[in-house]
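Take a look at the structure below.
The values are calculated or read from the model by the stated rules, or taken from the named source; none is laboratory data. Keep in mind the model is a prediction, meaning the values are calculated, not measured. Glycine also receives a Cβ, built like all others from the backbone with ideal geometry; neighbour counts cover every protein chain displayed. Areas reflect the complete protein model, heavy atoms only, side chains present, ligands, DNA and RNA absent. Shrake-Rupley method; radii C 1.70, N 1.55, O 1.52, S 1.80 Å.
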Amino acid sequence: MVVDDSHAIRHLIVATLGDVGDFELFEASDGQEAVELARRVRPALVLLDIHMPRMDGVEACRRLRALPETREARIVMLTGTGIDQEEAARAAGADLFLTKPFSPLDLLRLVSDLSAVDREGAGPAAQSRFPRP
Amino acid sequence: MGEPAQDQGVSTTDVDAMLAELVTLRKEVADRRTQAAAAERQLDRYAADLRATFIAERERTEALHRSYMATVRALSNAVEARDAYTGKHAERVASYGLEIARATEWELATQPEIEFGFLLHDIGKVAIPDAILYKPEPLSVEERRLMERHPVIGWEILRDIHFLGEAKVVVRSHHERWDGTGYPDGLAGTAISLAARVFAVADTLDALTSDRPYRPASPLSEARDIIVAESGTHFDPDIVTAFLTIDEGVLERIRLEQQ
């Protein structure tokens, strides 16, 4: 699931990921929409922008971690530069963060590794290819 | 009179000018939309190319890794094929080694070179004459000296294979002991590579839990006790501690599946 208030960034992410893994993509443009959508679609991975109107990424992340339907999702926070944003992402329960402007290649690696984990079952080898902070 | 438009504060020419401006603006908006759509399509092409390159690169990497693995197994099989009664020793020791590596330091077990080293540890034995390798009686001093060259011979055989990396260190150091009384370099403590220290435990575990012509296999619990007794002399105590956290069922499965 892709959550960003910028249409351009969402389009970029969706265009980058394309058909690299066996998954369906969902989009949301703020935290509140993201939490509502995530409860229904139960995403395996949430790419979550940190700065958004209505509800920001940190709060959305906290709520996703608190809900039984979305607790297990991998959450990757898209942050600006700055150690405080990384800290905030981590404190809210994000698994990883990508700093904007993020590398599309890193994004591809991350998502295809994660779909490999889903395919093979969370075996030790597959798990280890997905770096945890 | 005669200029009603001016009464309303707008002349006909003003209206014309405004209309013309509106038309221009509309055209500009339409142009920008067209441009934006074209830019998005171009971005889609960039993304599709990047993705295709990424997938192709990943497939090449995986194919390369598979052929590395097949090459290493072939070399390891060459050593095993000679030895009638150790059976799949290298495969088992590699499986034990990976379990112990995982328990010691998760990241260690994810490096393919480590598994390569475990599989190839005895490759140097190809240079040891059968008369010594299979001699049932104790070896003479001279024979033992020759036998103890196998780690260095193995290391020399593999020296120029770049992709083996750390595996070569495992091959060279797999008979070193924590207290420094091993061979060939007499290294002690952490001067011995972590992978080689892990290997030492795996190798002993397999030796103890396998049948030999001169003695039957020890049960796992007994093998554990022997390894614990040699913690700090033969083995790195931290690795022994990590080894003890491994579920016995996991080790037993490796022993049974790879006879």
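For this structure, a couple of remarks:
- Matching residues, segment B:162-207, being assigned to a helix (DSSP H, G or I) and of a type in the set (Gly, Ala, Ser): B:Ala167, B:Ser173, B:Gly189, B:Ala191, B:Ala195, B:Ala196, B:Ala200, B:Ala202, B:Ala207
- A single member of B:Asp44, B:Asp49 is assigned to a helix (DSSP H, G or I), open to solvent by 50 Å² or more (accessible area, probe 1.4 Å), within 11 Å of chain A (Cβ to nearest Cβ) and in contact with a Gly (Cβ under 9 Å, 6 or more places away or on another chain), and it is B:Asp44.
- Complete set of residues in segment A:1-21 that are within 19 Å of A:Ser112 (Cβ to Cβ), of a type in the set (Val, Ile, Thr) and in a helix (DSSP H, G or I): A:Ile13, A:Val14, A:Thr16
- Within segment B:208-259, being under 19 Å from B:His174 (Cα atoms), buried (at least 19 other Cβ atoms within 10 Å of the Cβ) and within 22 Å of the chain's Cα centre (by Cα) holds for B:Asp236, B:Ile239, B:Val240, B:Ala242, B:Phe243.
Results for (1) under 30 Å from B:Glu148 (Cβ atoms); (2) open to solvent by 70 Å² or more (accessible area, probe 1.4 Å); (3) within 13 Å of another protein chain (Cβ to nearest Cβ); (4) not polar (S, T, N, Q), shown as yes or no for each residue.
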{"residue": "B:Ala17", "(1), (2), (3), (4)": "no, no, no, yes"}
{"residue": "B:Arg58", "(1), (2), (3), (4)": "no, no, yes, yes"}
{"residue": "B:Ala70", "(1), (2), (3), (4)": "no, no, no, yes"}
{"residue": "B:His121", "(1), (2), (3), (4)": "yes, no, no, yes"}
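- For segment A:1-44, a residue qualifies if it is open to solvent by 60 Å² or more (accessible area, probe 1.4 Å) and among the polar types (S, T, N, Q), and exactly one does: A:Gln32.
- Unmet criterion (only one of (1) in a loop (DSSP other than H, G, I, E, B); (2) out of contact with any Leu (no Cβ under 6 Å at 6 or more places or on another chain)) for A:Thr70: (2)
- Taking segment B:125-141 as the range and being open to solvent by 40 Å² or more (accessible area, probe 1.4 Å) and not small (Gly, Ala, Ser) as the test, the residues that pass are B:Lys125, B:Val126, B:Pro129, B:Asp130, B:Tyr134, B:Lys135, B:Pro136, B:Glu137, B:Pro138, B:Leu139, B:Val141.
- Inside segment B:72-112, residues that are open to solvent by 70 Å² or more (accessible area, probe 1.4 Å) and either more than 14 Å from chain A (Cβ to nearest Cβ) or at pLDDT 95 or above (or both) make up a count of 7.
- Flag if A:Glu24 is in a helix (DSSP H, G or I), acidic (Asp, Glu) and more than 13 Å from every other protein chain (Cβ to nearest Cβ): no
- Yes/no for A:Arg65 being open to solvent by less than 50 Å² (accessible area, probe 1.4 Å) and among the basic types (Lys, Arg): no
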